Each structure stands twice: as C-alpha cells, then as structure tokens.
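The values are calculated or read from the model by the stated rules, or taken from the named source; none is laboratory data. Every value quoted in this text rests on a predicted model; they were computed, and no experiment measured them. Neighbour counts run over all protein chains shown; Cβ positions are idealised from the backbone, glycine included. In case anyone asks, the SASA skips ligands and DNA or RNA and just uses the protein heavy atoms, side chains included. Shrake-Rupley method; radii C 1.70, N 1.55, O 1.52, S 1.80 Å.
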Amino acid sequence: MLYRTPSMLISLIKASHPSLWLLATWLFLFGAYMSYVSGAAVPLLPLIVHGVWFTVFSSMLGYLINNYFDRALDIHNPRKRNPILHPGFYLAGVCFSIGALVIVHAAFFNFQILIWVLIAVLINLTYSAPPLRLKEVPVLDLLVGPGSTLPILFSGYALGGGWPALLPAVAGFFFFCAVELSHKTLDIEADMRGRVRTSATAWGRASSLQVAAALMLGAGLLMAIYNPYYGLGVIPYLAILFAMRGADTDEAQHDIDRRLPGYYLAAGFIVTAAFAWL
C-alpha cells in the first residue's frame, strides 16, 4: 500500500524541487536554441518529449540521489526543505525516473543525450554516495555544478546532432563551478554544524564569492574569445554574486535562497534575449 498512495507522488514531486523546473527547462531549450542558430534542424516532438524528462524526471533523479545520502546532514540545515521520505520512496522515485528515460529513448533514441545523462548520474553518485562522496572534498565538490547542468544544456544542443565546441564547453564548466561555489556559501554554517568540509567552509564566505567571481569572469573571457559580445553574458550573474555577499544568517540565507530562482530566470531571459539579438 505504501507505493500506491497519492502522498507518494506528491512527496516525489516535492523532492524534485518544482521551483527549479523552469531553470532545467531553460537550460535544455537554450542548448536546443544554440543548435538551431548554428544551422542545425531541431525536431519539435523529440524536443518536447526529452524536454519534459529533463524538466521533471532528471530533477527528481538528481535530487533523490543527493537527498537520500544527505538525510542526516540536512537536519542541521534550516535552508534545506527536503522531505524525509520512507527509504522505499527514494528507490521508487529513482526507478520511476529511469523508467521514464527508457520510454523516452524507446520513442526518440538519441545516443548523445543518453551519454550526457549517464555522465550526470555518475557525477551525482560520486558526489553524494560513499566511499568517494566528493561533496566533502574541497574543490572536487564543485564538479556537481557543471556535472548536473551542462548535460542538460548539451542534451538540448544534441537534438541538432552536434557535440558542443570546446571553448564554450570549458566556459560553461567554469561558469557552473562558480554558481555551485556561490550556493555553497549559503550552507557554510549548516555544514560546519554537521562537520562537513566543503570548498566554502575551507575558504570562507568572502573568499569563496571572490573565487566564484573569478571563475565567472574566466568564463566570460573564454566566451569573448569565441564571440566578443558573448562575454558580456556573465554580467547579470556577477550581480547575483554581489547580492549574496550579506547572506550570513539563517534568515538572510533563506531569503536569498527564495529569490535565487527568480534572479536566475531573469538573468537567463536577459542573456537569451541578447544572444537572439546578436
């Protein structure tokens, strides 16, 4: 009866963080858009079907893996609102997500997208699960940022049949490492209470945000080499880093965390509009 109750589906949806679905959608569609402007044909129906999987089921899969191994740690973090599920729920949700992936690829198989999904799952497992648990290894803990986001972006691009160019890919790696490091500054106090060592706890809030800004500027410089105007795309995100400087209390962290999805959507809209104009 445990797996047939409506509360299970509600819990799984909550665990997939619906507030961030739009960000996943934007990443996937932006990748498809960049493929389209490069001259590739992007088929509409696979775009919709794969996009739904990345919006809902990839979010569910990634967060369930992370939340399962972080159950004890999240108790110390008031910013985290992850539901503590019955152990069977985690397994059911993972199977549900993988089953949806199988169905999507049975209908619209795409080898490149499957490779990116497997890379994302591997990185999320090594990040969260013992014995590696890169979450507690400074510097390496930043890999989950690009490891969770770039596969979505590259999968959208793969619908046009191409692999990402090296320079933008490296820029994206730096950019999402910067985003991940900035997010970790919101968990410094909670991670210290849980005795977890991360890049942010090792470097402190101010230094971590400075490193994040440097990584983001590096991403902008690489994109400027690819296209001089594209380098300006990091400016809205640098403004977000600036807004995170004073989040040094639980209340301030909760407030900025609540605003971040909106900030990133606004920044994404600005950058997408600029890219379309250029």
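Restricting attention to segment 233-252, does a residue exist that is in contact with a His (Cβ under 6 Å, 6 or more places away or on another chain) and either closer than 30 Å to Ala32 by Cβ or small (Gly, Ala, Ser) (or both)? No: zero hits.
Condition check ((1) closer than 24 Å to Thr25 by Cα; (2) touching a Ser or Thr at 6+ places or on another chain (Cβ under 9 Å); (3) free of Cβ contacts under 8 Å to residues at least 12 places away in the same chain; (4) small (Gly, Ala, Ser)) across all residues:
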position: Gly194; (1), (2), (3), (4): no, no, no, yes
position: Tyr226; (1), (2), (3), (4): no, no, no, no
position: Leu238; (1), (2), (3), (4): yes, no, no, no
position: Leu241; (1), (2), (3), (4): yes, yes, no, no
position: Leu265; (1), (2), (3), (4): yes, no, no, no
position: Ala273; (1), (2), (3), (4): yes, no, yes, yes
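When we screen Ala171, Ala206, Ala200, Ala214 for residues that are under 23 Å from Ala276 (Cα atoms) and either assigned to a helix (DSSP H, G or I) or in contact (Cβ under 8 Å) with a residue 40 or more places away in the chain (or both), the only hit is Ala171. For segment 186-204, filtered to residues that are among the small types (Gly, Ala, Ser) and within 21 Å of the chain's Cα centre (by Cα), the residue that is nearest to Leu134 (Cα to Cα) is Ser199.
What residue, of Leu238, Leu265, is at pLDDT 90 or above and assigned to a helix (DSSP H, G or I)? From the options Leu238, Leu265, the qualifying one is Leu238.
With respect to the conditions (1) surrounded by 23 or more Cβ atoms within 10 Å (Cβ to Cβ); (2) touching a Leu at 6+ places or on another chain (Cβ under 7 Å), Val196 lacks only one, and its number is (1). Among the residues making up segment 61-72, those that are among the hydrophobic types (A, V, I, L, M, F, W, C) and either in contact with a Lys or Arg (Cβ under 9 Å, 6 or more places away or on another chain) or surrounded by fewer than 21 Cβ atoms within 10 Å (Cβ to Cβ) (or both) are Ile65, Phe69, Ala72. The residues of segment 171-183 that are modelled with pLDDT of 95 or more and either among the hydrophobic types (A, V, I, L, M, F, W, C) or within 18 Å of Thr249 (Cα to Cα) (or both), listed by number, are Ala171, Phe173, Phe174, Phe175, Phe176, Cys177, Ala178, Val179, Leu181, Ser182. Could you please let me know if Leu260 is touching a residue at least 12 places away in the same chain (Cβ under 8 Å) and either surrounded by fewer than 16 Cβ atoms within 10 Å (Cβ to Cβ) or β-branched (Val, Ile, Thr) (or both)? When the stated conditions are applied, Leu260 does not pass them.
Test Phe111 against the criterion of being of a type in the set (Phe, Trp, Tyr), free of Cβ contacts under 8 Å to residues at least 40 places away in the same chain and open to solvent by 20 Å² or more (accessible area, probe 1.4 Å), and give yes or no. The answer is yes for Phe111. When you scan segment 134-143, do you find a residue that is touching a helix residue (DSSP H, G or I) at 6+ places or on another chain (Cβ under 7 Å), within 21 Å of Phe54 (Cβ to Cβ) and touching a residue at least 40 places away in the same chain (Cβ under 8 Å), even just one? No, because not a single residue in segment 134-143 is touching a helix residue (DSSP H, G or I) at 6+ places or on another chain (Cβ under 7 Å), within 21 Å of Phe54 (Cβ to Cβ) and touching a residue at least 40 places away in the same chain (Cβ under 8 Å).
Looking at segment 177-193 only, could you name the residues that are aliphatic (A, V, I, L, M), over 17 Å from Phe242 (Cβ atoms) and either open to solvent by 10 Å² or more (accessible area, probe 1.4 Å) or not in a helix (DSSP H, G or I) (or both)? Full working, then the answer.
Initially, segment 177-193 is screened for residues aliphatic (A, V, I, L, M), giving 178-179, 181, 186, 188, 190, 192.
Filter once more, keeping what is over 17 Å from Phe242 (Cβ atoms): 188, 190, 192.
Listed by number, the residues that qualify are Ile188, Met192.
Based on what the data block shows, is Ser58 surrounded by 20 or more Cβ atoms within 10 Å (Cβ to Cβ) and either part of a helix (DSSP H, G or I) or at pLDDT 90 or above (or both)? It would help to see each step written out before you state the result.
Details: surrounded by 20 or more Cβ atoms within 10 Å (Cβ to Cβ): yes; either part of a helix (DSSP H, G or I) or at pLDDT 90 or above (or both): yes.
When the stated conditions are applied, Ser58 passes them.
Checking the structure you have, find out if any residue of segment 90-102 is at pLDDT 95 or above and surrounded by 15 or more Cβ atoms within 10 Å (Cβ to Cβ). Yes, segment 90-102 has at least one match.
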